[in-house]
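Presented below is the structure to which this report refers.
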Amino acid sequence: MKLAVLGLNHGFQFAEAIVKMKGVSLVAVAGINDLAKQRANCLDVPLYENYKQLIQEQSLDGVIITLPNQLHHEAVTYCADAGVHCLVEKPIADTTVQGVEMVQYCKKRKVNLLVGHHRRYSSKINLLKQTLETKKIGDIIGVNLMWALAKDRPYYDETWRMNEGGGPLLINGIHDIDNLRYVTGSEVESVYATAKSLIRGNRVEDSVSAILHLHTGATVNYFLTDGVPAPWSYELTMGENSKYPFYEEDCYYFFGTKGSIAFPSMRMYRYDESAYGWEHALVEETLTIDQFIDPIVEELKHFILVIEGIEQARVPGEDGVKTLEVIEAMRLSIKEERKVNILANTLIK
């Protein structure tokens with residue numbers, strides 16, 4: 001099987017994984033800066049500055065698109081015209097309208113479109129999903145999500161990161177929202193959000209607070225910031241990426257009618273029915289997994305099986321649009337200072 005990677009920032013992880021796999025060939029990569037040149041040399045594959053030229057000249061089965069968000073729509077449609085299956089990094093597109101167009105276009109061209117919400121392949125995320133599905137904590141009535149850390153100051157030297165769309169809501173928050181949808185199996189019905197830029201004073205938000213209502217009736221409190229020294233975020237509590245330091249803390253909390261669970265520690269609390277209530281000690285249990293699984297590698301393996309027709313897409317384009325709809329609704333709520341209904345106006349039925 002012949003694959004290519006477009007974009008060598010996040011895409012470099014995929015490229016490294018491909019060259020280590022048997023039966024799969026990384027035929028070329030696309031990138032435009034000195035880092036891309038260095039990485040292409042390390043991979044020992046041709047580097048194209050124009051990804052369209054790569055698609056034209058190489059015979060491909062699939063392509064992994066990790067280009068800037070504004071290029072996702074163009075790149076996916078171009079690859080679809082060439083009959084090449086696509087794994088496109090999140091968010092699926094700049095807007096849900098573009099996302100729907102991409103979904104429809106790929107169906108017309110009979111190519112698979114997957115969205116790179118790679119955390120769905122995490123062994124801990126799937127343990128959490130299974131735990132909630134089996135009702136070990138009963139019916140969910142509430143959720144607290146946190147994503148709080150401070151990014152390196154040079155991160156915001158790039159102009160686009162100081163303007164709308166370059167802040168943590170779209171770049172990082174979309175992961176938490178997708179995790180929420182995935183593990184609960186619920187859709188977000190409505191949202192009220194507010195955002196501030198008290199830390200850096202840029203045009204883009206550096207903190208967001210939101211209340212989300214799930215279609216099941218459960219409510220979600222979500223706080224997100226990329227400018228506060230803190231360990232309560234997925235990246236710093238999961239230990240999946242050696243780039244980040246690890247802290248034994250939690251970033252998600254799920255509250256149910258029979259108990260509660262914290263993530264990623266997977267500490268679960270309930271009462272024994274013979275000693276129920278706050279005057280009694282809680283029964284504590286910690287759920288564990290047997291081994292660590294690299295979500296990026298698992299996502300890549302899945303993409304290959306989808307291309308081969310062995311598996312159905314776990315995160316098809318439609319799912320990527322639904323997650324992006326929630327982020328768009330939050331941005332609209334921030335702008336218009338009002339509650340925004342999502343399900344009544346969804347573009348994906």
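The values are calculated or read from the model by the stated rules, or taken from the named source; none is laboratory data. All values reported here derive from a predicted model rather than from experimental measurement. All Cβ positions, even for glycine, are placed from backbone atoms using ideal geometry, and neighbour counts span all protein chains on display. When the accessible area is computed, the model is the full protein with side chains, heavy atoms only, and any ligands, DNA or RNA have been set aside. Shrake-Rupley method; radii C 1.70, N 1.55, O 1.52, S 1.80 Å.
Does region 183-293 come out rounded, prolate or oblate, given a ≥ b ≥ c as the square roots of the eigenvalues of its C-alpha gyration tensor, rounded meaning a/c under 1.5 and, failing that, prolate meaning a/b above b/c?
Values: a/c = 2.13, a/b = 1.39, b/c = 1.53.
Here region 183-293 falls in the oblate category.
Report, ordered by chain and residue number, the lysines lying within cross-link reach of Lys335, taken as a straight Cα distance under 22 Å and ignoring same-chain residues fewer than 8 apart.
Lys196, Lys322
Less than 29 Å apart at the alpha-carbon level, and either on another chain or at least 8 residues along: which lysines does that give for Lys37?
Output for Lys37: Lys2, Lys20, Lys22, Lys52, Lys90, Lys151, Lys243, Lys301.
Go through Lys110, Lys90, Lys2 and list them by solvent-accessible area, largest first, probe radius 1.4 Å.
Sorted by accessible area, descending: Lys110, Lys2, Lys90.
Taking the alpha-carbon distance from Lys136 and a cut-off under 21 Å, which lysines remain once sequence neighbours fewer than 8 residues away in the same chain are dropped?
Once the sequence-local lysines are set aside, what remains near Lys136 is Lys124, Lys258.
Given H placed 1.01 Å from N in the peptide plane, which residues other than close sequence neighbours of Arg200 have an amide H under 5 Å from its amide H?
none
Going highest first, how would you order 337-348, 53-64 by mean Cβ packing within 10 Å? Don't jump to the answer; show the numbers that get you there.
Values: 337-348: 13.4, 53-64: 18.2.
The packing order, highest mean first, is 53-64, 337-348.
Across region 120-133, in residue order, what do the Karplus-derived ³J(HN,Hα) couplings come to in whole Hz, using 6.51 cos²θ - 1.76 cosθ + 1.60 with θ = phi - 60° and x for Gly and Pro?
5, 9, 5, 5, 6, 4, 6, 5, 4, 4, 4, 5, 5, 5
Over region 123-170, with every protein chain in place, what whole percent of the accessible area is carbon and sulfur at 1.4 Å, could you tell me?
51 percent
Counting only the heavy atoms of the protein chains, how much of Glu273 is accessible to a 1.4 Å probe, in Å² to the nearest 10?
For Glu273, the solvent-accessible surface is approximately 150 Å².
For the chain, what does -39500 (n - 2.57) per DSSP helix run (n ≥ 4), summed and divided by total residues, give at 222 nm, in deg cm²/dmol to the nearest 500?
Result for the chain, helices only: -9500 deg cm²/dmol.
Pairs of alpha-carbon atoms within less than 8 angstrom and 6+ residues apart define the contacts here; what relative contact order does region 76-174 have, in percent? Write down the numbers at each step before the final one.
On the way: 59 pairs, mean separation 23.4, N = 99.
Once divided by the residue count of region 76-174, the mean separation gives 24 percent.
Using alpha carbons only, how many angstrom separate the centre of region 276-349 from the centre of region 202-227?
A separation of 15 Å, based on Cα centres.
Using the alpha-carbon centroid of each, what span in Å lies between region 110-180 and region 1-50?
Cα centres, region 110-180 to region 1-50: 25 Å.
Measure nothing fancy, just the Cα-based angle from helix 295-307's long axis to the longest principal axis of the chain, in degrees from 0 to 90, nearest 10.
60 degrees
Mind ranking 321-328, 145-152, 134-141 by how tightly packed they are, going by the mean number of other C-beta atoms within 10 angstrom, highest first?
So the peptides 321-328, 145-152, 134-141, ranked by packing, come out 321-328, 145-152, 134-141.
Amide H of Ala150 versus every other amide H placed in the peptide plane: which residues, excluding those fewer than 5 positions away on the same chain, fall under 5 Å?
Close amide H contacts, sequence-distant or interchain: Val228, Ala230.
Amide H to amide H, which residues 5 or more places from Tyr271 or on other chains are under 5 Å from it, using H placed in the peptide plane?
Residues meeting the amide H criterion: Val283.
Please arrange Cys42, Cys79 by accessible surface area, largest first, computed with a 1.4 Å probe and ligands excluded.
Cys42, Cys79
How high is the relative contact order of the chain, in percent, counting Cα pairs under 8 Å that sit 6 or more residues apart?
On the way: 690 pairs, mean separation 63.6, N = 349.
Reported relative contact order: 18 percent.
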